[in-house]
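Engineer: First the structure, which I've put down as structure tokens, then a few questions once you've had a look.
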Amino acid sequence: MKKWLYAAGLGLALATSTDAQAADKIAVVNVSSIFQQSPQRAVVAKQLENEFKGRATELQSMERDLQTKMQRLQRDGSTMKASERSSLEKSVMAQRETFSTKAQAFEQDNRRRQTEERNKILSRIQNAVKSVATKEGYDVVIDANAVAYASNAKDITADVLKQVK
């Protein structure tokens, strides 16, 4: 997340570097701080938790069942009939494969949805930055995390945070 924000800020800084030489007003904004304090972030986290709760519960149940079967196989395997042990081993292998496939799909879907929602929030922050910069008359706004040092720069983070809320 931070790497993406740094890259975006650096890209913005590089893209506007020729304009910055002639710019009258430059401001900095801490996008990651705004993102962390954004009330939408908590709402989205709760939404995603509810969205994936059923699948997570199913995976946990599958994992417990699989562990139980594996423990039974390990504990009682030597005393079981060969056919019963073979059947249980096949069942464990098949269930492990199913669990692995479902867990991977769950992780991919969860990561994709988190990225989608994060990008929506970042887009909203970007629009707020543009709005504040336009209203205040700034020619260039640079992410504070992409700047090693900023002298005489106005930090508009608080103003943008007010607008995002």
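Laboratory data are not the source of any read-out in this text; all were calculated from the coordinates shown. All values derive from a computational prediction rather than experimental measurement. For neighbour counting, all protein chains shown are included, and Cβ atoms are generated from backbone atoms with ideal geometry for every residue, glycine included.
Engineer: Using the Cα atoms of the stretch 33-165, I'd like the radius of gyration and the largest Cα-Cα distance, Dmax, both in angstrom.
Structural biologist: 25.5, 82
Engineer: Something else: Among the listed pairs LYS53/LYS165; LYS25/LYS120; LYS53/LYS130; LYS25/LYS130, give every one whose C-alpha distance is greater than 25 Å.
Structural biologist: LYS53/LYS165; LYS25/LYS120; LYS53/LYS130
Engineer: Which whole number in µm²/s is D for the stretch 56-98 by Stokes-Einstein, with the Kirkwood Rh taken over Cα pairs at 10 °C and 1.306 mPa s?
Structural biologist: Answer from the Stokes-Einstein relation: 148 µm²/s.
Engineer: In debye, nearest 20: dipole of the stretch 63-165 around its Cα centre with unit charges on the Cβ of K, R (+) and D, E (-)?
Structural biologist: 380 debye
Engineer: Here's a follow-up. Pull up all non-local amide H partners of ASP155: gap of 5 or more, or a different chain, and H-to-H distance under 5 Å with H placed in the peptide plane.
Structural biologist: HN-HN under 5 Å from ASP155: VAL28.
Engineer: Evaluate 2.2 N^0.38 Å with N set to the residue count of the stretch 40-113, then give the Cα radius of gyration divided by it.
Structural biologist: Rounded to two decimals, the normalised Rg is 1.50.
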